[in-house]
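Engineer: Structure in structure tokens, see below.
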Amino acid sequence: MTARIGVVTFPGTLDDQDSLRAVRTAGAEPVSLWHRDKDLKQVDAVVLAGGFSYGDYLRAGAIARFSPVMETIIDQAKAGLPVLGICNGFQILTEAHLLPGGMLQNSHLHFICREQKLRVETSDTAWTADYTAGQEIHIPLKNMDGRYVAEERVLDELEAEGRVAFRYLDVNPNGSLRDIAGITNAAGNVVGLMPHPEHAVQPLVGTGRTDGLGFFTSILKKLVNA
């Protein structure tokens, strides 16, 4: 049976088609999900793609968090459904309190678009199992509100529990505290990151590398072996 991975489209989502292509490239069945529809169409995992949902009004991800589809995603994520939030998707996950902390404007107050070097800090999640802890990868990064912030207590918790999933290397592109590029929940089924792995799954697109494909092969193997 082929694993079905849903990709949510909100008004203003930009990277849903890229995410669907990444799912297909990894060997899973991509399923389009619409923000107004509470039905997840029996998918086995969900990707919240990047973009500017609802124009980033109020705060990035603040309105999308209340879309009907998120009611179902929040409930099912708490029950173990694997969810990956990419860029705007990460912002939505923090607004929905599925991940701690929040996002502010980049410290230099400019939109950034670049190839970014990351270190994988943990392979103990549903979305990072095909990597090794300490592995260095190159993933495209593009955001305006990418500065991850949280209280010192929360940051200490994330560090102590091994829940920092990715860290920026060589340069901190947006002022994120402790160079954090992505985090996971305690159960390891919900992961959020600012860089865009869906843009690094085919050698002719994005960085010219396939460093991002591991996100999608990781979840596929977890679902197949579940």
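The values are calculated or read from the model by the stated rules, or taken from the named source; none is laboratory data. For clarity, every value in this text was computed on a predicted model and none was experimentally measured. All Cβ positions, glycine included, derive from the backbone under ideal geometry; neighbour counts span all protein chains shown. Please note that ligands, DNA and RNA were not included when accessible areas were found on the heavy atoms of the full protein model with its side chains. Shrake-Rupley method; radii C 1.70, N 1.55, O 1.52, S 1.80 Å.
Engineer: With each run of n ≥ 4 DSSP H residues scored as -39500 (n - 2.57), what mean residue ellipticity at 222 nm is computed for the chain after dividing by its residue count and rounding to the nearest 500 deg cm²/dmol?
Structural biologist: Details: 5 runs with 52 residues, N = 226.
So the calculated ellipticity at 222 nm is -7000 deg cm²/dmol.
Engineer: Per residue, what accessible area does segment 4-225 have, given a 1.4 Å probe and all protein chains present, in Å²?
Structural biologist: Details: 9070 Å² over 222 residues.
Value returned for segment 4-225: 41 Å² of accessible area per residue.
Engineer: What's the carbon and sulfur percent of the chain's accessible surface, probe 1.4 angstrom, rounded to a whole number?
Structural biologist: Details: 4730 of 9480 Å².
Heavy-atom surface of the chain belonging to carbon and sulfur, 1.4 Å probe: 50 percent.
Engineer: Which of rounded, prolate, oblate describes segment 81-124, given a ≥ b ≥ c as roots of the alpha-carbon gyration tensor eigenvalues and a/c under 1.5 marking rounded, otherwise prolate only if a/b is larger than b/c?
Structural biologist: Numbers: a/c = 2.16, a/b = 1.24, b/c = 1.75.
The shape class here is oblate.
Engineer: Given +1 on the Cβ of Lys and Arg, -1 on the Cβ of Asp and Glu, and no further charges, what dipole in debye does the chain carry about its Cα centre, rounded to the nearest 20?
Structural biologist: The calculation lands at about 340 debye.
Engineer: In whole Hz and in residue order, list the ³J(HN,Hα) couplings for segment 13-29 that follow from phi through the Karplus curve 6.51 cos²θ - 1.76 cosθ + 1.60, θ = phi - 60°; x for Gly and Pro.
Structural biologist: Using θ = phi - 60°, the values come out as 5, 10, 10, 5, 5, 5, 5, 4, 5, 5, 4, 5, 4, 6, x, 9, 8 Hz.
Engineer: A follow-up question, please. Return an integer: the convex hull volume of the alpha-carbon atoms of segment 11-99, in Å³ per residue.
Structural biologist: Working: hull volume 7.3 nm³, N = 89.
Considering the Cα atoms of segment 11-99, their hull volume per residue is 82 Å³.
Engineer: Which one of G192, H108, I219 is farthest out on the positive end of the charge dipole of the chain, using unit charges on Cβ (Lys, Arg +1; Asp, Glu -1) and the Cα centre as origin?
Structural biologist: Positive-most Cα among the choices belongs to I219.
Engineer: As an exercise, use a Förster radius of 41 Å and the Cβ-Cβ distance of H97 and L204 to find the FRET efficiency, rounded to the nearest 0.05. Walk me through the intermediate numbers first.
Structural biologist: Details: r = 39 Å, r/R0 = 0.94.
The value I calculate is 0.60.
Engineer: Given the options L40, L98, L158, state which has the largest fluctuation in a GNM of the chain using a 10 Å cut-off (strictly under) for Cα springs.
Structural biologist: L158
Engineer: When a/c is below 1.5 the answer is rounded, else prolate if a/b is larger than b/c, else oblate, so apply that to segment 119-226 with a ≥ b ≥ c taken from the square roots of the Cα gyration tensor eigenvalues. Don't skip to the answer; put the middle values down first.
Structural biologist: On the way: a/c = 2.07, a/b = 1.15, b/c = 1.79.
Oblate is the answer for segment 119-226, as a/c is 1.5 or above yet b/c matches or exceeds a/b.
Engineer: Additional query: Answer with a single label: of (i) 15.6, 47; (ii) 18.9, 60; (iii) 20.1, 67, which was calculated as Rg and Dmax of the Cα atoms in Å from the structure in view?
Structural biologist: (i)
Engineer: While we're here: Based on alpha-carbon centroids, what's the gap between segment 83-137 and segment 1-41 in Å, whole number please?
Structural biologist: 19 Å
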